[in-house]
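So the structure is just underneath, and the comments pick up after that.
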Amino acid sequence: MAAESVRDRGACSSRWRKIPRPRRVWCLYWISYIGPVAGAAQQELKALVLIGGGMPKAYWYRAGEITASDLRPGTLVEVPLQKRKVPGIVVETGHPDLGFDTKPIHRVAPDSARLSAEWLELLRWISQYYLTPLPLVLQAGLPKAATRFLFHPPKRATKQPMEKSIMPVGKNLDPTAGQSIAIETISKSLESGSHGAFLLHGITGSGKTLVYLHLAKKALALGKRVLVLLPEIALTPQTIGRFESFLGRKVPAFHSGLSEPERRDLWKKIFAGEADIVVGARSAALAPLENLGLIVVDEEHDSSYKQNDPAPRYHARDVSLFRGKQAGCPVVLGSATPSLESYHAALTGKFTLLELKERATSSPLPEVEIVDMKAQQEMQGYQHLSIPLRDAVQQALDRGEQAILFLNRRGYSTRRVCRACGETRMCPHCAVALVHHRSTRTLRCHYCDFSISADSPCVKCGEHEMLDTGRGVEKVEEHLHKIFPGVGVARLDRDSVSRAGEMERILEEFKAGETRILLGTQMVAKGHDFPKVNVVGVLDADAGFGLADFRAGERAFQLITQVAGRAGRHKGSGRVFLQTYNPDSALLQHALKHDHAGFFRDEIERRREHGYPPFRRLLLFEMLSRKEEEVVKAMEVFALILNELAPQAHADVLGPAYAALKKIRNEHRLHVLVKGDYPNQLQWLADEAVKRFAPSQPKSVKLRMDRDPVSLL
Ligand SMILES: [Zn+2]
Ligand SMILES: [Zn+2]
């Protein structure tokens, strides 16, 4: 955490000017301040070398015997550090007058081990745009030990290695008319080697993946490389399988769940040119693939594409768009529920809009019904499943079909209250209520993992009797066993899949029909394709509406549409039930009609009115400290500085205010949100404010910056 804190960067930037003999240069973000100096000709060639490790740093070394042509950015070198010789990467060369002696570079690695200038440029852009020191960006893009093996680089493959061939599955792989148009349009950009951004807006089940498959094959045939991003890759093993069977060979998957050796091996392969297609989650966006011919970002609206902690807080979609421009290749953003930003870009001509309006199986979209829970409650009292939903599930079971039920709440009850004094059981470290997990008989905090026995007495009065309020999936699971006795119910949430292989097992068993009802959190909304699912129930369609986040409505609409899209994909009789206490809400009415355009029109107006993206750009400053008073004071000072600078940057400052989650892991959190119109001005504002604030920043206070934040909670 300390490594990325702005205090360090601020201190470093001032160190450049005030301290006469700076030796350590680990804030490359400020590198432009060094600049060329007068009398550069007299200075000998030097290189700024990044050295990896727990906390990456960069130091200047002199070239010594090594010539300028051998020492370019991206070159791997071995340099002395204390008494050892360590590998490092040249990120900058020049003739700066540093005012102190530098040690000579020991040796350079074989030329084949050079990192591409294009890739370094990408990392540099991320560093600048996302306000993160370059060493941290490099660390995110490069596995820890990568520099070590690069000194003994694998031989670059001259031809495709023999891969175990995989038999194509006997599925219909001919594109529909809509798919063909999309493939042809994007192919033009692909074949001409020119950049284009395409929004592939296809309803759920419309076969976006088939479009990717055909395009990937074309790009590979042209000798180009392909990068495919999927959200939360562990949830979509099916997609990787489809790529493998279509291309007839193994496709490496790149995601944060890989162990360090696995990641290193894959990286090695990519580097040696052996991997011409990489499928991966967010972090794959940083993979050092050269000669890209196609980039696909599937489910582009998914919030998991945004990196949260640690920095750089990049958005994989935006990184992909940058890479597409850089490489001159098409970037395909696919979604049934595109983000407002992307859809707006498509409507205003920044992206090319391609639509798939029919399901690949030509099944119609499911019929959506809104269930008024107020009326239901009057009839039957409080029930988890309304009568229409329960009947539909029963009928589906009778027909030998399956059902998916969605409730985005983990645990048994979301609040446990003392029966004697009414005290809610809270996390001692966070400003949130503990969640009762009956399966483990614990009360747990979902933010810091604190847990305590569910039978522990009230901290206020010592009472043992507790009341459970607010239901979670565990409670509904219990209820399902009661109303559908003897029916196999599978629960899919983060708790049920905590052990490796559990998720695959749950999904396999459901697909095979061993379980008949799949109940779960948003994990059930992801791109699963279960032919026998014809009924989907959203148990609480109002969840998420009230959140203090301008994206709450968008996210709710996306989730509902995605989970609804699991119904009736193969047999045109899907039914979806939205249980709600606000049956007239405009959002649900749009969901009822599968009307993404209508939802977009409403929501984009709200964004315009309040100056949110895509109309204005956001920069979120967050301050954290265990000492509440200090962080409140510090944030006030910082906000004053921002307010002073804001007019020059044509920006508006909102706050300071406590974050919606006031305290997490004993750290008090305060926010200031800045809205601006120009990226460069926001960057200037951030740099300037941090510089001015640095001298008064208390040691206990951390400052983090989030460019284009996805969550404001
Ligand atoms: Zn009590
Ligand atoms: Zn906690």
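The values are calculated or read from the model by the stated rules, or taken from the named source; none is laboratory data. Keep in mind that this is a model prediction, so the values were computed, not measured. Cβ placement follows ideal geometry from the backbone for every residue including glycine, while neighbour counts extend to all protein chains displayed. Accessible surface is based on the protein model in full, side chains and every heavy atom, while ligands, DNA and RNA are left aside. Shrake-Rupley method; radii C 1.70, N 1.55, O 1.52, S 1.80 Å.
Just one of A145, A117 is under 30 Å from the mean Cα position of the chain (by Cα), surrounded by fewer than 18 Cβ atoms within 10 Å (Cβ to Cβ) and at pLDDT 75 or above; which is it? Give the derivation first.
Details: A145 fails: at pLDDT 75 or above.
After applying the criteria, what remains is A117.
Determine, yes or no, whether F600 is out of contact with any Leu (no Cβ under 6 Å at 6 or more places or on another chain) and not assigned by TED's automatic domain parsing to the domain that holds S700. Show your work before the answer.
Numbers: out of contact with any Leu (no Cβ under 6 Å at 6 or more places or on another chain): yes; not assigned by TED's automatic domain parsing to the domain that holds S700: yes.
Here the answer is yes, as F600 does meet what is asked.
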I'd like the full set of residues that are among the β-branched types (V, I, T) and over 21 Å from S304 (Cα atoms), limited to the range 490-528.
I506, T515, I517
All positions within the range 624-655 that are open to solvent by 50 Å² or more (accessible area, probe 1.4 Å), touching a strand residue (DSSP E or B) at 6+ places or on another chain (Cβ under 7 Å) and in contact (Cβ under 8 Å) with a residue 24 or more places away in the chain:
R626, E628, H650, D652
Could we say that G462 is under 22 Å from V536 (Cα atoms) and among the small types (G, A, S) here?
no
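Look at D468 and say whether it is open to solvent by 20 Å² or more (accessible area, probe 1.4 Å), among the charged types (D, E, K, R), within 16 Å of ligand 1 (Cβ to nearest atom) and closer than 24 Å to V538 by Cβ.
On the way: open to solvent by 20 Å² or more (accessible area, probe 1.4 Å): yes; among the charged types (D, E, K, R): yes; within 16 Å of ligand 1 (Cβ to nearest atom): yes; closer than 24 Å to V538 by Cβ: yes.
So D468 fits the description; yes.
Would you check if there is a residue in the range 416-435 being outside the structural domain of A392 (by TED's automatic domain parsing), within 16 Å of ligand 2 (Cβ to nearest atom), under 25 Å from L518 (Cβ atoms) and not aliphatic (A, V, I, L, M)?
Here is the first cut: in the range 416-435, the residues outside the structural domain of A392 (by TED's automatic domain parsing) are 416-435.
Filter once more, keeping what is within 16 Å of ligand 2 (Cβ to nearest atom): 416, 424-435.
If we keep only those that are under 25 Å from L518 (Cβ atoms) too, we end up with 435.
Then drop every residue that is not not aliphatic (A, V, I, L, M), which leaves none.
There is no residue in the range 416-435 that is outside the structural domain of A392 (by TED's automatic domain parsing), within 16 Å of ligand 2 (Cβ to nearest atom), under 25 Å from L518 (Cβ atoms) and not aliphatic (A, V, I, L, M).
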Can you say whether G170 is surrounded by 22 or more Cβ atoms within 10 Å (Cβ to Cβ), modelled with pLDDT under 90 and part of a loop (DSSP other than H, G, I, E, B), as far as the supplied structure shows?
no
Between a first residue in the range 404-431 that is among the small types (G, A, S) and a second residue that is more than 16 Å from ligand 2 (Cβ to nearest atom) and part of a loop (DSSP other than H, G, I, E, B), which pairs have beta carbons less than 7 Å apart while being 6 or more apart in sequence or on different chains?
G411/G472; S413/G472; A420/C458; A420/C461; A420/E463; A420/E465
Kindly check whether there is at least one residue in the range 664-674 that is in contact with a Cys (Cβ under 6 Å, 6 or more places away or on another chain) and surrounded by fewer than 20 Cβ atoms within 10 Å (Cβ to Cβ).
yes
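Take the residues in the range 416-450 that are more than 16 Å from ligand 1 (Cβ to nearest atom) and in contact with a helix residue (DSSP H, G or I) (Cβ under 9 Å, 6 or more places away or on another chain), then tell me which one is most open to solvent (accessible area, probe 1.4 Å). Break it down into steps so the answer makes sense when it comes.
Pass one, the range 416-450, residues more than 16 Å from ligand 1 (Cβ to nearest atom): 427, 429-432, 435, 437-442, 444-450.
Pick out the ones that are also in contact with a helix residue (DSSP H, G or I) (Cβ under 9 Å, 6 or more places away or on another chain) and you get 437-439.
Values: H437: 1, R438: 103, S439: 82 Å².
It comes out as R438.
In this structure, does H481 turn out to be open to solvent by 70 Å² or more (accessible area, probe 1.4 Å), outside the structural domain of A541 (by TED's automatic domain parsing) and away from ligand 2 (no atom under 16 Å from the Cβ)? Even if it seems obvious, please write down each step before you answer.
Numbers: open to solvent by 70 Å² or more (accessible area, probe 1.4 Å): yes; outside the structural domain of A541 (by TED's automatic domain parsing): no; away from ligand 2 (no atom under 16 Å from the Cβ): yes.
Considered against the rule, which asks whether it is open to solvent by 70 Å² or more (accessible area, probe 1.4 Å), outside the structural domain of A541 (by TED's automatic domain parsing) and away from ligand 2 (no atom under 16 Å from the Cβ), H481 comes out as no.
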Please enumerate the residues belonging to the range 312-356 that are over 22 Å from the mean Cα position of the chain (by Cα) and surrounded by 21 or more Cβ atoms within 10 Å (Cβ to Cβ).
A327, C329, L354, L356
Can you tell me which residue among V476, V459 is within 16 Å of ligand 2 (Cβ to nearest atom) and hydrophobic (A, V, I, L, M, F, W, C)?
V459
Just checking, how many residues over the range 246-280 are assigned to a strand (DSSP E or B) and closer than 20 Å to L138 by Cβ?
3
Has the range 224-233 got any residue that is part of a helix (DSSP H, G or I), at pLDDT below 80 and open to solvent by less than 40 Å² (accessible area, probe 1.4 Å)?
yes
Residues being among the aliphatic types (A, V, I, L, M) and either outside the structural domain of A284 (by TED's automatic domain parsing) or open to solvent by 10 Å² or more (accessible area, probe 1.4 Å) (or both) - total across the range 211-223
3
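Looking only at the range 392-404, decide whether some residue is of a type outside the set (K, R), within 16 Å of ligand 2 (Cβ to nearest atom) and open to solvent by less than 30 Å² (accessible area, probe 1.4 Å). Before you say what the answer is, go through the steps one by one.
If we filter the range 392-404 for residues that are of a type outside the set (K, R), which is where we start, we get 392-398, 400-404.
Adding the requirement that they be within 16 Å of ligand 2 (Cβ to nearest atom) leaves none.
Looking through the range 392-404, none of the residues is of a type outside the set (K, R), within 16 Å of ligand 2 (Cβ to nearest atom) and open to solvent by less than 30 Å² (accessible area, probe 1.4 Å).
Here is a check on your reading of the model: is P87 at pLDDT below 80 and open to solvent by 10 Å² or more (accessible area, probe 1.4 Å)? Step through it out loud before you land on a result.
On the way: at pLDDT below 80: yes; open to solvent by 10 Å² or more (accessible area, probe 1.4 Å): yes.
Here the answer is yes, as P87 does meet what is asked.
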Show me the strands (runs of 3 or more DSSP E) found entirely inside the range 446-556 where at least 2 residues are farther than 28 Å from L712 by Cβ and free of Cβ contacts under 8 Å to residues at least 60 places away in the same chain.
451-453, 466-471, 489-492
